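First comes the structure, then the notes that go with it.
The values are calculated or read from the model by the stated rules, or taken from the named source; none is laboratory data. Bear in mind that the values here come from a model prediction, so they are computed numbers and not experimental data. No Cβ is skipped: glycine too gets one built from the backbone with ideal geometry, and neighbour counts run over all protein chains shown.
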Amino acid sequence: MRAVDGFGERLEGHRRELHVHCYRMTGSFDEAEDLVQETFLRAWRRRDALRDGDGLRAWLYRIATNACLDHLRAHSRRPQPRPEPALADPGLDPPASGAVPWLQPYPDVLLDAAEAVIERETIELAFLIAVQHLPPRQRAVLILRDVLGWSAQETAASLKLTVAAVKSALQRARPTVRKHLPARRLEWATSAEPTPEEHTVLRRYIDAVEQADPSALAEVLRADVWQTMPPAPIWLLGRAAFMASWTPAMVGPEAWGDWRLLATRANRQPAAAAYLRRAGEPDFRPCWLGVLRVEHGLVTQITTYGEEMVPRFGLPASL
């Protein structure tokens, strides 16, 4: 196809869904931003190769997938075995997945802006962690086949593989992903919208922190709850361990100050942005962002990020 008026605008119409695709491939919101720009640059340079009748969307996905593969080859990394937890309750088994320190959260407000429907089970943090255990080409095959629903023939053409190689890669990828997903994942809520249960649990969690009530906070946590704090390798395992770490920040002589939390959503999961007002300060300032996994009315996992993540959720700089 020759240069077409409005080609740049047509590319922009696919920006958000391509960003989600690159995010699934890399696990990094920031890297996905750069890879979408690289995709558009490659598309612009090759725009004459887009023949009449070709689908622009599929063509862009092929370019984006290969841009991600090039990036992953140049920046090789794999999940690492988790170190010993900073604190742990006795008798609890560690999670099956390795540590993925580069994993970043994705604001739901941006997922909602994507042209394609973003299903929860393909964007939740647990899925992102699991697919990071795959070699890049297997990861691309699994995402194109199982997430985007491409045929084996379309996937093979996109990745310059044979159909047999695509089928073989998918057969190897699926068991690896299942191995690194949490137990009972199929029992989780699958709706893209928050469930009433999640609303209730998030509200109880927020109230407990704001009221500096350790007992109320403990009641909303499952006994085997665990917390990670990427990119730091520090993590906690068990309700007692979590409370031992968190309670001093809420009450007592070492308390950090007063807390206010704003409810939000990340990766189709309930989340809360925490703001802290230290003694003598007039305003509440961003402190951390917590993404929750909820099962059967209790918090089972908390992934906590630093205050630098708060602005991309469209939340205020202070309260």
query: Of the residues that make up segment 219-229, is at least one in a helix (DSSP H, G or I), modelled with pLDDT of 95 or more and farther than 18 Å from Ala266 by Cβ?
result: yes
task: Answer yes or no: is there a residue in segment 66-78 that is surrounded by fewer than 18 Cβ atoms within 10 Å (Cβ to Cβ) and within 30 Å of Arg222 (Cα to Cα).
output: yes
- line: Only one of (1) touching a residue at least 12 places away in the same chain (Cβ under 8 Å); (2) over 21 Å from the mean Cα position of the chain (by Cα); (3) under 17 Å from Gly8 (Cβ atoms) does not apply to Val36, and that is (2)
field: From Trp235, Trp226, Trp256, residue being among the aromatic types (Phe, Trp, Tyr), outside the structural domain of Pro95 (by TED's automatic domain parsing) and surrounded by fewer than 18 Cβ atoms within 10 Å (Cβ to Cβ)
entry: Trp256
message: Just to be sure before I move on: is Ala216 touching a strand residue (DSSP E or B) at 6+ places or on another chain (Cβ under 9 Å), closer than 28 Å to Leu315 by Cβ and modelled with pLDDT of 95 or more in the structure I sent?
response: no
message: Looking at Arg57, Arg45, Arg82 in this structure, which one is under 17 Å from Leu128 (Cα atoms) and surrounded by fewer than 19 Cβ atoms within 10 Å (Cβ to Cβ)?
response: Arg82
- prompt: If we scan segment 2-20, do we find a residue that is under 18 Å from Arg139 (Cβ atoms), modelled with pLDDT of 95 or more and either basic (Lys, Arg) or not in a helix (DSSP H, G or I) (or both)?
  reply: no
Scan of segment 251-286 for residues that are among the β-branched types (Val, Ile, Thr) and assigned to a strand (DSSP E or B), ordered by number: Thr264
message: Every residue in segment 28-78 that is in a loop (DSSP other than H, G, I, E, B) and either modelled with pLDDT under 95 or more than 23 Å from Arg139 (Cα to Cα) (or both), please.
response: Arg46, Leu50, Arg51, Asp52, Gly53, Asp54, Gly55, His75, Ser76, Arg77, Arg78
